[in-house]
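Let me begin by presenting the structure, written as structure tokens, before commenting on it.
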Amino acid sequence: MAFIAKTIVIWAIFFSCAMASSEVFKLTPSEQTILRSNGIIKRSKAIQGTNLREAMAIGIIDAPREAVWDVITDYAHYKDFMPRTAVSIVTDRIANTVYFYSELIIPLLFGNVSYEIALVHDKKHFTITWDLVPGTGKNVKEVRGSWKLEHYKKGKTKAIYTLFTEPDTIIPDFVINILTDQTLGEIIQVIRDRVQKVGTDS
């Protein structure tokens, strides 16, 4: 049963990953200004059938795509630098798909959250797309998202991060939307810091 669930997830993410690699993110003039000033752009879009929103953050990282890729795929060490991450374990690897188990500490809201996600890597296009492995979520119904790394200028990367989370709690949707929006900007900054630390230590 677990093998069947993983196979279904792989195919579902394969198609979404192909779409993500071809999607073009057009920035407005004001957003271009934000990027040039090292700010972080935040967007969100409505998800049909729910009051929750899928959020997106875009920021410039002062490192080439290969260096950023190495950091965002260092799943086993997420507990060392990702916000609120207490446990991070790679449970399996099948071809270009990584299975990753994580436990998050979210105080004052609805307790800890844990899940296993399947992440499909497309190194050619520098994209990663993930979704929840069915039946693995605790206090969460759905988790999905993506990374897309684009060359920006010499030695720099435009990182595009998306996230949709549907908790299995009584917390109002508008609160979840606020928390998701806050998390995205935080993630971009954390990756910036980690890339610089890894570059300094190497």
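The values are calculated or read from the model by the stated rules, or taken from the named source; none is laboratory data. Please read these numbers as outputs of a predicted model, since none were measured by experiment. Neighbour counts are summed over all protein chains in view; Cβ atoms, including those assigned to glycine, are modelled from backbone coordinates with ideal geometry.
Observations
- Of all residues making up region 122-144, the number that are at pLDDT 95 or above and surrounded by 20 or more Cβ atoms within 10 Å (Cβ to Cβ): 7
- Scanning region 30-58 for residues that are of a type outside the set (Val, Ile, Thr) and over 20 Å from Ile176 (Cα atoms) turns up Ser30, Glu31, Gln32, Leu35, Arg36, Ser37, Asn38, Gly39.
- Search result, residues across region 148-188 that are surrounded by fewer than 18 Cβ atoms within 10 Å (Cβ to Cβ), under 16 Å from the mean Cα position of the chain (by Cα) and modelled with pLDDT of 95 or more: Glu150
- Residues of region 28-80 satisfying the condition of being in contact (Cβ under 8 Å) with a residue 60 or more places away in the chain, more than 16 Å from Lys197 (Cα to Cα) and among the charged types (D, E, K, R): Lys42, Arg53, Glu54
- Restricting region 31-66 to residues that are of a type in the set (Val, Ile, Thr), in contact with a helix residue (DSSP H, G or I) (Cβ under 8 Å, 6 or more places away or on another chain) and under 29 Å from Phe174 (Cβ atoms), the residue that is modelled with the lowest pLDDT is Thr50.
- Meeting the requirement of 2 or more residues that are small (Gly, Ala, Ser) and surrounded by fewer than 16 Cβ atoms within 10 Å (Cβ to Cβ), no strands (runs of 3 or more DSSP E) wholly within region 22-118 can be named.
- Of the strands (runs of 3 or more DSSP E) contained entirely in region 125-179, not one carries at least 2 residues that are more than 22 Å from Lys45 (Cβ to Cβ).
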